[in-house]
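Here's the structure we're looking at; comments come further down.
The values are calculated or read from the model by the stated rules, or taken from the named source; none is laboratory data. Computed from a predicted model, the values in this text were never measured in an experiment. All Cβ positions, glycine included, derive from the backbone under ideal geometry; neighbour counts span all protein chains shown. Keep in mind that these areas ignore ligands, DNA and RNA; they rest on the heavy atoms of the full protein, side chains included. Shrake-Rupley method; radii C 1.70, N 1.55, O 1.52, S 1.80 Å.
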Amino acid sequence: MLLQRDAQGQPIAIRREDYAAPAFWIDTVDLTFDLDPAKTRVLNRMQLRRNPEVPAQPLRLDGDELNLARVLVNGQGASFRMEGEQLVIDGLPDAFELEIFTTCCPIKNTKLMGLFVSEDTFFTQCEAEGFRRITYFLDRPDVMAMYTVTLRASKAAYPVLLSNGNLVDQGELPEGRHFAKWVDPFKKPSYLFALVAGKLVAREQRIKARNGKEHLLQVYVRAGDLDKTEHAMNSLVNSVLWDEARFGLPLDLDRFMIVATSDFNMGAMENKGLNIFNTKYVLANQATATDADYSNIESVVGHEYFHNWSGDRVTCRDWFQLSLKEGLTVFRDQEFSQDLCADASARAVKRIEDVRVLRTAQFPEDAGPMAHPVRPDSYIEISNFYTVTIYEKGAEVVRMMQTLVGRAGFEKGITLYFERHDGQAVTCDDFAQAIADANPDSELARLLPQFKRWYSQAGTPRLAAHGVYDAQNRSYTLSVVQSCPPTPGQQTKEPFVIPLNIGLLDAATGRELPMQLEGESDVAHGTRTIVLSRAGEQITFTGLDAEPVPSILRGFSAPVILDFAYTDAQLLTLLANDPDPFNRWEAGQRLGLRAALQAIAAANATDATPVLNDAYLDAMRSVLRHPQLDAAFKELVLTLPSETYIAEQLDVVDPQRVHLVREAMRAQLATALFADWEQVYEANHDTGAYTPDPTSSGRRALAGMALNFLCLAARASGDTVWPGKTLQRFKDAGNMTDRFNALNALVSSGHTLAAQALARFHAMFKDEALVIDKWFSLQAGASDRGGDILPLVKQLMKHSDFSLKNPNRARSVIFSYCSGNPGAFHRADAAGYVFWSERVIELDAINPQVAARLARALDRWSKLAEPYRSAAREAIARVAAKPDLSKDTHEVVTRALA
Ligand code: ARG
Ligand code: ZN
């Protein structure tokens, strides 16, 4: 690690402005693997040539935890030296063959980067910098090569041998071994390399593309899991068809493979032609997977497939450009899921869910110590930058481009981008330029340099808007001032380009009003996009007989915080009438948030003080009883803002107070709407034969919510009927969604029946790892009552099914508690923080990526009220003081303390 540490031994930051083209190109790579869990031998034969555009310098190849046996240049033994983990060779000719022979130990690879073993099967994970753990290489995305891969292994132990591209040869070897040879017809960066070897079976499907070409699709899993691959396969087929239909991007390979592994740091990986997935995003049948699982599988299968173009055919020049592929591909998978919806309501539900993720996870990141631009300027460990900012905010930036050039214009832009850059490693600038060039008359083209501040400036912009009605002129003027708070390394910000979708409602009738902008002759109906680009702007609407109710930021047209001093009456009008479903939902959220914030601020309020007023409760009742609204939408409206989201609105956070107030709100919704919850449950709980479509999953979600509130109300009243019914429901359920919702209702209301339901659930699913994850997660994330969750979490860690080495399992217990359960984690006695620091340190020695994720649970420590604040700081400092911390965890905790 010599080169990445400074004189004090601290890791050094890599800076975007230091980018330099590679000194050598690698044209071909021929890899031969002799696979053995304890000692895998890798022979790497490469053709290299000097990059004539770069001053002559030695070849420096990256390596990490490799054992080097031999180096040959043009077949001759060559002299080389090691500088830290880099292999350095001087005096090379302009073009040459380089052969490197190394070994590594996959069975001991607990970092799950490079080549590792999971349940007796070999897998790889190379993004971002894992290939250097397999062989010495120029492990950077702008070095693209053609790969030939030969895999050799015991035939009995590893009957299936897979790598990227096409299988060109296979056969027997002496001593019960066999081999397979794969050739990838596309050049690729090393991070897209993959191999899999083990006992696997595949679901197969052949599909015909529009041009008549046949493709073989395969989903590989362990033998017992084949009955859980239908949904993943359907999602893959839909993905192939969608990318061709929407963007004209066809599948470019004869064979496309997905393989599932239960040990994986992230969700999935888009290796060319050989996507490797966390089992969580592949395996589903109605008995083991919930509606949410089905929907996640569809998104993630889509996401990785869409990378085949946005990522693989056109990749990133350097890792600072990560959002080039991730923001675009998240945008594409979001659009895919929306386009699969049967109606506008289901599309809106998907949009609301996406925005909820952005606001509860990305907004806090953008306001905290790890805040970074969509295109960061520096990093210590790139793995730490696979963030909601790069992914979800990056997707919003792409979405704003689409809003500014229109849907058809955006499709033209995408076509130009792939025409221009196919086979290249490019930058975010190249992407934005292509979209603008394809739409020369658009607002995007006119404002492009300013628009690109979305790539360079971190932080969530705030829009402070207020409206003034002028009765004399029958006009309404909306003033909007934008600002953006300082973030680490960026004290001041320049104004952003913000597409603001607006509508106006009649305050008396709630009907949508025609919109005429001052100085314009045409009248718009429905939503209108105003493009803001200055620090302060005024928009005047004319021809209005009374003060309208403005519906601002419809569809969440930009990733900003909108401050507008709506009256309760205005919000109730929007909630009852806004034709824009996003803002209709948002009005309800604003009302709920307002009530929460008032209760939190109120002096000496107690547990029993009602938080929600009758107007709010009546409005919620009307939503529940509404004959036209879909169940899925109702469920979203009735879901209160999360504790995390409420906390973000406060300057100083007392997490216990936030928890108490929100619990009081839930209890009030439960009791005040009791009769409605009964009706809602009766009307929605029977969804017939199981299918995971949006309509029936919406009904299951609403019925599950009703059950939850009915059990909560029963807790207050002592009623035993509903808990009894819930237990029966749990036993009889025909699918995991209904069963899990019933279990959740018993657990989250703290009912005594929960214990037997949990025991039964474990017994039923003891051999289903993903279901056991749910079992752990539900308990570790349950509502805290008098500090009972932490002892339970410690007990769960002693359960024979618990393992710190399996990331899914570690997340199901530790993350569900530390990141997913603020009311239980933030304890006045600091025991939650002590637990956190011990787990971060423990995990860091096994798997730095997982440890560094966990380290982020205290990102927002400086907002906490005492005694939490000091205790949290102390816990972070304790982690930071640990010698030999990984770069990953070091970066997170030092930024937190900065
Ligand atoms: N490119 C993968 C994806 O789409 C993420 C892989 C990141 N892996 C990692 N170890 N940092 O979503
Ligand atoms: Zn991705």
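Kindly indicate whether any position in the range 408-428 is away from ligand 2 (no atom under 16 Å from the Cβ), in a helix (DSSP H, G or I) and among the hydroxyl-bearing types (Ser, Thr, Tyr).
Yes.
Given the condition part of a loop (DSSP other than H, G, I, E, B) and in contact with a His (Cβ under 9 Å, 6 or more places away or on another chain), answer yes or no: does some residue in the range 542-553 qualify? Write out each step before concluding.
Initially, the range 542-553 is screened for residues part of a loop (DSSP other than H, G, I, E, B), giving 543-548, 553.
Remaining after also requiring in contact with a His (Cβ under 9 Å, 6 or more places away or on another chain): none.
No.
Within the range 393-400, identify whether any single residue is open to solvent by 20 Å² or more (accessible area, probe 1.4 Å) and either more than 24 Å from the chain's Cα centre (by Cα) or under 16 Å from Glu326 (Cα atoms) (or both), and answer yes or no.
So in the range 393-400, the residues open to solvent by 20 Å² or more (accessible area, probe 1.4 Å) come out as 399.
Subsequent filtering for residues that are either more than 24 Å from the chain's Cα centre (by Cα) or under 16 Å from Glu326 (Cα atoms) (or both) retains 399.
Checked against the condition, which is being open to solvent by 20 Å² or more (accessible area, probe 1.4 Å) and either more than 24 Å from the chain's Cα centre (by Cα) or under 16 Å from Glu326 (Cα atoms) (or both), the range 393-400 yields at least one hit.
Considering only the range 263-277, I want to know if a residue exists there that is open to solvent by 10 Å² or more (accessible area, probe 1.4 Å), touching a residue at least 60 places away in the same chain (Cβ under 8 Å) and away from ligand 1 (no atom under 13 Å from the Cβ). If you could, list the steps in order and put the result at the bottom.
Of all residues in the range 263-277, those open to solvent by 10 Å² or more (accessible area, probe 1.4 Å) come to 263, 265-268.
Filter once more, keeping what is touching a residue at least 60 places away in the same chain (Cβ under 8 Å): 263, 265-266.
Going one step further and asking which of them are away from ligand 1 (no atom under 13 Å from the Cβ), we end up with none.
No, the range 263-277 contains no residue that is open to solvent by 10 Å² or more (accessible area, probe 1.4 Å), touching a residue at least 60 places away in the same chain (Cβ under 8 Å) and away from ligand 1 (no atom under 13 Å from the Cβ).
Among (1) under 19 Å from Thr28 (Cβ atoms); (2) in a loop (DSSP other than H, G, I, E, B), where does Gly91 come up short?
(1) is the only condition that Gly91 fails.
Please work out which residue is nearest to Pro692 (Cα to Cα), limiting yourself to the range 278-306 and to residues that are more than 15 Å from ligand 1 (Cβ to nearest atom) and touching a strand residue (DSSP E or B) at 6+ places or on another chain (Cβ under 9 Å).
Leu283
Give just the number: which of (1) closer than 30 Å to Ile107 by Cβ; (2) open to solvent by less than 40 Å² (accessible area, probe 1.4 Å) does Leu758 not satisfy?
Here Leu758 clears every test but (1).
Tally time: how many residues in the range 362-392 are hydrophobic (A, V, I, L, M, F, W, C) and more than 16 Å from ligand 2 (Cβ to nearest atom)?
Count: 5.
Looking at the structure I just gave you, is Gly63 surrounded by fewer than 12 Cβ atoms within 10 Å (Cβ to Cβ) and either of a type outside the set (A, V, I, L, M) or in contact with an Asp or Glu (Cβ under 8 Å, 6 or more places away or on another chain) (or both)?
Values: surrounded by fewer than 12 Cβ atoms within 10 Å (Cβ to Cβ): no; either of a type outside the set (A, V, I, L, M) or in contact with an Asp or Glu (Cβ under 8 Å, 6 or more places away or on another chain) (or both): yes.
No.
So Pro189 ticks every box in (1) on the phi < 0 side of the Ramachandran plot; (2) more than 16 Å from ligand 1 (Cβ to nearest atom); (3) not aromatic (Phe, Trp, Tyr) but one. Which box is left unticked?
Pro189 satisfies every listed condition except (2).
Kindly establish whether Val355 is open to solvent by less than 10 Å² (accessible area, probe 1.4 Å) and more than 27 Å from Tyr191 (Cα to Cα). Don't jump to the end; show me each part of the working.
Details: open to solvent by less than 10 Å² (accessible area, probe 1.4 Å): yes; more than 27 Å from Tyr191 (Cα to Cα): yes.
Considered against the rule, which asks whether it is open to solvent by less than 10 Å² (accessible area, probe 1.4 Å) and more than 27 Å from Tyr191 (Cα to Cα), Val355 comes out as yes.
Taking only pairs six or more apart or across chains, which ones have beta-carbon atoms under 7 Å, a first residue in the range 380-393 that is part of a helix (DSSP H, G or I), and a second residue that is within 12 Å of ligand 1 (Cβ to nearest atom) and polar (S, T, N, Q)?
Ser383/Gln849; Ile390/Ser323
Could you please give the count of residues in the range 296-313 that are buried (at least 22 other Cβ atoms within 10 Å of the Cβ) and away from ligand 2 (no atom under 13 Å from the Cβ)?
Residues that pass the stated criteria total 2.
Determine if the range 132-144 includes at least one residue that is surrounded by fewer than 22 Cβ atoms within 10 Å (Cβ to Cβ), in a strand (DSSP E or B) and at pLDDT 95 or above.
Yes: one or more hits.
Identify the single condition in (1) part of a loop (DSSP other than H, G, I, E, B); (2) open to solvent by less than 20 Å² (accessible area, probe 1.4 Å); (3) not hydrophobic (A, V, I, L, M, F, W, C) that Glu520 does not satisfy, given that it satisfies every other one.
(2)
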